Amino acid sequence: MAFKKIVVGYDGSEYSKNALKKAIELAKCTEGEIHIVGVIKPIEFGVIDYITPEEIEEYEKEEETKEEKFLKEAMNIVNESGLQASYKILEGDPSEQIMTYADEVKADLIVVGHRGLGGFKRLLLGSTSSEVVKYSNQSVLVIK
Ligand SMILES: Nc1ncnc2c1ncn2[C@@H]1O[C@H](COP(=O)(O)OP(=O)(O)OP(=O)(O)O)[C@@H](O)[C@H]1O
Ligand SMILES: [Mg+2]
């Protein structure tokens, strides 16, 4: 089966940039469409007790600004390739949001990098990509 609807998880890391580029190459071969997803993580509950509402608001604003910057970067990469793509910013747990979105748009492939912005250097597979590989309904391509 050709991969026609490709969801790409984009967190702004070099790894996710690579993943996006590979997804573009693939979409060109399959005449597929690219759906980029960027997920903003809410502040963890353990932390919320110790910070003010103003600080939470500031954090959320910062995260949104970051996502908008990522969006521009991602769109530049896509535009350079001559393809078109949609971009969606979601809030919540990255792997869950990526998978829910992939179900919603009836994707047939999810592409992610093997690592992202966080994590340890020695880690071969980050938690987001590992969860997606384990639990998604779609085929997954992990770019190394
Ligand atoms: N917030 C996010 N929004 C969209 N895609 C994401 C997000 N976080 C990760 N991804 C996707 O998952 C890939 C792997 O990132 P992952 O989060 O698993 O690794 P990590 O950040 O190095 O480790 P960890 O998050 O477990 O500390 C990224 O290259 C990207 O494709
Ligand atoms: Mg991560």
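One residue stands out among those in the stretch 70-80 that are closer than 21 Å to residue 105 by Cβ and touching a residue at least 60 places away in the same chain (Cβ under 8 Å): the one that is surrounded by the fewest Cβ atoms within 10 Å (Cβ to Cβ), which is 77.
Looking at this structure, is residue 2 in a helix (DSSP H, G or I) and either surrounded by fewer than 17 Cβ atoms within 10 Å (Cβ to Cβ) or out of contact with any Ser or Thr (no Cβ under 8 Å at 6 or more places or on another chain) (or both)? Spelling it out, it is not the case that residue 2 is in a helix (DSSP H, G or I) and either surrounded by fewer than 17 Cβ atoms within 10 Å (Cβ to Cβ) or out of contact with any Ser or Thr (no Cβ under 8 Å at 6 or more places or on another chain) (or both). Considering only residues in the stretch 5-43 that are of a type in the set (Gly, Ala, Ser) and assigned to a strand (DSSP E or B), the one that is farthest from ligand 2 (Cβ to nearest atom) turns out to be 38.
Values in this text are rule-based calculations from the coordinates and carry no lab data. In this text, all values refer to a predicted model and were calculated from it rather than measured experimentally. All Cβ positions, glycine included, derive from the backbone under ideal geometry; neighbour counts span all protein chains shown.
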